[in-house]
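One structure is given here, and the rest of the page talks about it.
The values are calculated or read from the model by the stated rules, or taken from the named source; none is laboratory data. The structure displayed is predicted, hence computed values, not measured ones. Neighbour counts run over all protein chains shown; Cβ positions are idealised from the backbone, glycine included. Side chains are part of the model used for accessible areas, which takes the heavy atoms of the whole protein and leaves out ligands, DNA and RNA. Shrake-Rupley method; radii C 1.70, N 1.55, O 1.52, S 1.80 Å.
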Amino acid sequence: MAMLEVEELTMRFGGLKALDGLSFAVEEGRIVGLIGPNGAGKTTVFNLISRFYQPVGGRISFQGKDLLRLKPHQVLQLGIARTFQNLGLFPYMTVLDNLLVGRHIHFRTSSWALALGLGQREERAFRAEAEQLLERLGLAPLKGAVVGFLPYGTQKFIELARALMARAKLLLLDEPVAGMNAAETQMMGQFIKRVRDEYGLTVLLVEHDMSLVMGICERVVVLDFGRKIAEGTPEEVQHNPAVIEAYLGEEVEVA
Amino acid sequence: MRRFILWSGALCLLALAPLFLRSYTLYILNMAGVYLVATLGLNLLTGYTGQLSIGHAGFLAIGAYAGALLPAKLAVPFWLSIPLAGIISGLAGFILLIPALRLTAIYLAIATLGFGAAVAEILPRWTAVTGGYQGMKVPKAAFLGLTLDSDVKLYYLALIIVILMILLARNIVGSKLGRAFVAIRDQERAAQALGISLTKYKASAFFISAFYTGIAGALYSFVVGYISPGEFDLAKSLLIFMMMALGGMGSIPGSVVGAVFLTFLPHWLSGFRGLQQFIYGAALVLVVIFAPYGIWGFVRRWTMPDKLQRLPRPLRAVVEFVRG
Ligand SMILES: Nc1ncnc2c1ncn2[C@@H]1O[C@H](COP(=O)(O)OP(=O)(O)O)[C@@H](O)[C@H]1O
Ligand SMILES: [Mg+2]
């Protein structure tokens, strides 16, 4: 059984059918790409998994559990963390505090105890872990900086680090390299691969741009107008006529 | 270590203040303490969690009447009546959770306005308990055989409450609780995706905020000695809001500065008869123009320029409200 299974998922916004009977599966340990032209419905898939929308029809299950019965704040408890296309950071918090919110559900101290000033040991332990993670990313000097003032590319890395703090099993990344230059894109790709291996994660990656997808994905699902038009390895997908048709006018780059 | 010395010095100064100050000044300081606690409460809700309220006088009233009625009618000991007043007011705070979970920022503001108005309407009509429009005399606070019958004694009560409430606020803001509040304020979706339940944390914010303001109300009743429904009107809600906004939203020192400043301002201006309202208004406009992050943000800009990036932010909901 696959880790994430999406079956016959259909979503409507007013008269617009954003997803039309979409089915695909993500095997544990893989990096899977979900690609397609702008407006194909990729972010909508993530928002349905996050439970922000209620689908018109279909099923989503994670490790055999029905996701559609959950509320948005319960999804992470099951082991699914995500990033957002337009950044989901808390812009007026420091880098360190943003990372600590990533650890939110793992705090064991009760709110009453926290109000009385207890639970300092836990707070310090998580803080140290967050600092270590920043150290690895070379972002340690920025730990006290307010996130909203940092360059966009840096913020993308911090958002990914925050998702890692959540200790999830499945990572949903919505256009992690959007707005990045080639060097940053390269670095992000390497980083995603490395954390997948080290943390034993599974990654579902939405990308509009093909170069990253071809570089790191082991399997690719292609969407167009809310439907799956192709699925396979990056090489297979790249030469699929339907995919080339969908991306017509947009350059399909060969990595 | 330097901080420790600084704080002990400040504490000594505050503890010795009654030796140097007139009774009248102490009375105003006590009122500043009342508003400080209420402003902290509003700041935790509006400044930190982003839930706009312009009806906090309602909670101040509930706390004031609970603080006065519990000892007067039910013989509750006074040391217990203050926290109880906070809890009763805190529970009343859950009423506002319903609009907060359903409506947008502007409609929540209107709902809080309605809440404040409703409390102000109910109090005078509930004559049997509240004494109606004339109001009621508040029994003297007594503690271990000591009757708090002077401004000096009340000053120490206010001081202790203020310190405890500031420490509590610091713990809240510096923990996962405070981070969840700010997360909800700035990115509701991302907060949810990180496992933060909007229902749970908005409920906490409303309870804590109303709890603070209820405590402030109970202290108010003991400091003033006589309460009547007319005092808890929209003007009072707006006053608390101004204290928070002027001091600095999302900042504890800001609340302290804002509450003390706006409590003393009318007294400093009492010499300028006739011009008082004008100066008051002009001062507010000046602060809004030159210190958009509140007085505390303005102070930090001059004292710690390198930390400019950590200024508390003005509230998005307010900005949206003003822009329409
Ligand atoms: N909340 C929404 N309300 C209305 N339409 C939406 C909403 N979210 C997405 N859509 C529409 O659904 C389609 C798919 O959007 P999206 O999933 O964001 O595409 P992608 O991420 O693949 O670029 C688009 O036509 C978009 O305009
Ligand atoms: Mg998208």
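Observations
- Count of the range B:51-65 residues which are more than 18 Å from B:Ala203 (Cβ to Cβ) and at pLDDT below 95: 1
- In the set (1) open to solvent by 30 Å² or more (accessible area, probe 1.4 Å); (2) at the interface with chain A (Cβ under 10 Å from one of its Cβ atoms); (3) over 30 Å from A:Ile80 (Cα atoms), the condition left unmet by B:Ile208 is number (1).
- Among the residues of the range B:13-61, those that are more than 14 Å from B:Ala109 (Cα to Cα), polar (S, T, N, Q) and open to solvent by 10 Å² or more (accessible area, probe 1.4 Å) comprise B:Ser23, B:Thr25.
- Qualifying residue in the range A:185-195 (condition: more than 30 Å from A:Arg127 (Cα to Cα) and away from ligand 2 (no atom under 16 Å from the Cβ)): no
- Looking across the range A:50-82, the residues that are free of Cβ contacts under 8 Å to residues at least 60 places away in the same chain and either assigned to a helix (DSSP H, G or I) or in contact with a Cys (Cβ under 9 Å, 6 or more places away or on another chain) (or both) come down to A:Leu67, A:Leu68, A:Arg69, A:Pro72, A:His73, A:Gln74, A:Val75, A:Gln77, A:Leu78.
- Checking each residue in the range B:164-181 for being open to solvent by 20 Å² or more (accessible area, probe 1.4 Å) and touching a residue at least 12 places away in the same chain (Cβ under 8 Å) picks out B:Ile166, B:Arg170, B:Val173.
- Taking the numbered list (1) in a helix (DSSP H, G or I); (2) within 28 Å of A:Phe84 (Cα to Cα) in turn, B:Ile196 passes all entries but (1).
- All conditions but one from (1) touching a helix residue (DSSP H, G or I) at 6+ places or on another chain (Cβ under 6 Å); (2) more than 22 Å from A:His73 (Cα to Cα); (3) more than 9 Å from chain B (Cβ to nearest Cβ) apply to A:Arg127; the one that does not is (1).
- Residue within the range A:10-22 that is more than 25 Å from B:Leu198 (Cβ to Cβ), surrounded by 20 or more Cβ atoms within 10 Å (Cβ to Cβ), under 18 Å from the mean Cα position of the chain (by Cα) and at pLDDT 95 or above present: no
- Checking A:Gly179 against (1) in contact with a helix residue (DSSP H, G or I) (Cβ under 6 Å, 6 or more places away or on another chain); (2) away from ligand 2 (no atom under 16 Å from the Cβ); (3) free of Cβ contacts under 8 Å to residues at least 40 places away in the same chain, the condition it does not meet: (2)
- When A:Ala115 is tested against (1) closer than 13 Å to B:Gly174 by Cα; (2) at pLDDT 95 or above, just one condition goes unmet, and that condition is (2).
- Scanning the range A:90-106 for residues being more than 7 Å from chain B (Cβ to nearest Cβ) and not in a strand (DSSP E or B) gives a total of 6.
- Failed condition for A:Asn86, given (1) open to solvent by 20 Å² or more (accessible area, probe 1.4 Å); (2) under 30 Å from A:Gly215 (Cα atoms); (3) more than 12 Å from chain B (Cβ to nearest Cβ): (3)
- Residues that are more than 22 Å from the chain's Cα centre (by Cα) and within 11 Å of chain B (Cβ to nearest Cβ) do not occur anywhere in the range A:63-73.
- Residues that are more than 30 Å from B:Leu21 (Cα to Cα) and more than 7 Å from chain A (Cβ to nearest Cβ) within the range B:149-197 comprise B:Val173, B:Gly174, B:Gly178, B:Phe181, B:Ile184, B:Arg185, B:Glu188, B:Ala191, listed in sequence order.
- Test: residue in the range A:34-49 that is more than 16 Å from ligand 2 (Cβ to nearest atom) and more than 10 Å from chain B (Cβ to nearest Cβ): no
- Of the residues making up the range A:26-49, those that are open to solvent by 40 Å² or more (accessible area, probe 1.4 Å) and either assigned to a strand (DSSP E or B) or more than 10 Å from ligand 1 (Cβ to nearest atom) (or both) are A:Glu27, A:Glu28, A:Arg30.
- Restricting the range A:189-238 to residues that are within 15 Å of ligand 1 (Cβ to nearest atom) and outside any strand (DSSP E or B), the residue that is surrounded by the most Cβ atoms within 10 Å (Cβ to Cβ): A:Val213
- Subset of the range B:135-148 that is surrounded by 14 or more Cβ atoms within 10 Å (Cβ to Cβ) and closer than 30 Å to B:Cys12 by Cβ - its residue that is farthest from the other protein chains (Cβ to nearest Cβ): B:Lys140
- Check on A:Thr154, among the β-branched types (Val, Ile, Thr), free of Cβ contacts under 8 Å to residues at least 60 places away in the same chain and closer than 20 Å to A:Arg167 by Cα: no
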